[in-house]
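Note sheet for the following structure.
The values are calculated or read from the model by the stated rules, or taken from the named source; none is laboratory data. Since this is a predicted model, take the numbers as computed values, not measurements. Positions of Cβ are backbone-derived with ideal geometry, glycine not excepted, and every protein chain shown enters the neighbour counts.
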């Protein structure tokens, strides 16, 4: 993919509209990165400057504790930004990022973009607005994990996917075991919860396809 095409997708999807001047200015602070399935974008604790915007593919963000146990933080889908904490003067990646599918991403150099922001206040305001939405999403996700039971967490997750796809039929983006970890549950508890929701007529389950029979 050409860099200018990736920049245009970023501007349209993440900044909410096209601005030829902004697109042109971003050429000096960005690059296109491709990763094959299973390849690492960055490792937890590693120094870096690049923030990434995912053009296509699927990415898992996770942390590992001292015992080597993995905690999934988020599954990044196309149209999302990740490692955005580097915009806020941090120079280490807080999580590990691995490609679950072949991926194309736009890498944005957080150090160079500071200069761009100082020259273009309009760009700064658009970036702040987009990042504010991202922070709100993460806060809602944290509240969902800490203040609700597993069924509610899962149904809220389905609601988000349903609204994004504008459909009551949803294909889970990851394996059910990984989704269970993301929702703070064991695979066994997740399977029991799925069966109960299906038996209660709330959802239909066919492999990774979930159909919502009731409005959430």
Only one of 135, 203, 170 that is in the same structural domain as residue 70 (by TED's automatic domain parsing) and either within 30 Å of residue 11 (Cβ to Cβ) or modelled with pLDDT of 90 or more (or both): 135
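Taking the condition of being in a helix (DSSP H, G or I) and crowded, with 16+ Cβ neighbours inside 10 Å, how many residues in region 177-197 meet it?
The qualifying residues number 9.
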Boolean, residue 142 is surrounded by 12 or more Cβ atoms within 10 Å (Cβ to Cβ), over 18 Å from residue 204 (Cα atoms) and at pLDDT below 85: no
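Among the candidates 68, 57, single out the residue that is under 16 Å from the mean Cα position of the chain (by Cα) and at positive phi. So that I can check it myself, show each step before the final result.
Details: 68 fails: under 16 Å from the mean Cα position of the chain (by Cα).
Within the list 68, 57, the selection yields 57.
Rundown of residues vs (1) touching a strand residue (DSSP E or B) at 6+ places or on another chain (Cβ under 7 Å); (2) at pLDDT 85 or above; (3) assigned by TED's automatic domain parsing to the domain that holds residue 123; (4) under 28 Å from residue 125 (Cβ atoms), yes/no style:
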{"residue": "8", "(1), (2), (3), (4)": "no, yes, yes, yes"}
{"residue": "13", "(1), (2), (3), (4)": "no, no, yes, yes"}
{"residue": "40", "(1), (2), (3), (4)": "yes, yes, yes, no"}
{"residue": "44", "(1), (2), (3), (4)": "yes, yes, yes, no"}
{"residue": "47", "(1), (2), (3), (4)": "yes, yes, yes, no"}
{"residue": "53", "(1), (2), (3), (4)": "yes, yes, yes, yes"}
{"residue": "63", "(1), (2), (3), (4)": "yes, yes, yes, no"}
{"residue": "89", "(1), (2), (3), (4)": "no, no, yes, yes"}
{"residue": "103", "(1), (2), (3), (4)": "yes, yes, yes, no"}
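Quick check on my filter: what residues within region 198-212 are without any contact (Cβ under 8 Å) to a residue 12 or more places away in the chain, outside any helix (DSSP H, G or I) and surrounded by 12 or more Cβ atoms within 10 Å (Cβ to Cβ)?
The first filter runs over region 198-212 and keeps only residues without any contact (Cβ under 8 Å) to a residue 12 or more places away in the chain, leaving 198-200, 204-207.
Now restrict to residues that are outside any helix (DSSP H, G or I): 200, 204-207.
The answer is 204, 205.
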Quick one: which of 215, 126, 112 is in a helix (DSSP H, G or I) and either loosely packed, with under 14 Cβ neighbours inside 10 Å or at pLDDT 85 or above (or both)? 112
Going through (1) modelled with pLDDT of 80 or more; (2) in a loop (DSSP other than H, G, I, E, B) one by one, residue 73 fails only at (2)
Single unsatisfied condition, residue 97 versus (1) assigned to a strand (DSSP E or B); (2) touching a helix residue (DSSP H, G or I) at 6+ places or on another chain (Cβ under 8 Å): (2)
For region 54-94, how many residues are buried (at least 17 other Cβ atoms within 10 Å of the Cβ) and out of contact with any helix residue (DSSP H, G or I) (no Cβ under 9 Å at 6 or more places or on another chain)? 7
Only residues that are farther than 22 Å from residue 94 by Cβ and assigned to a strand (DSSP E or B): list them for region 32-58, please. 32, 34, 55, 56
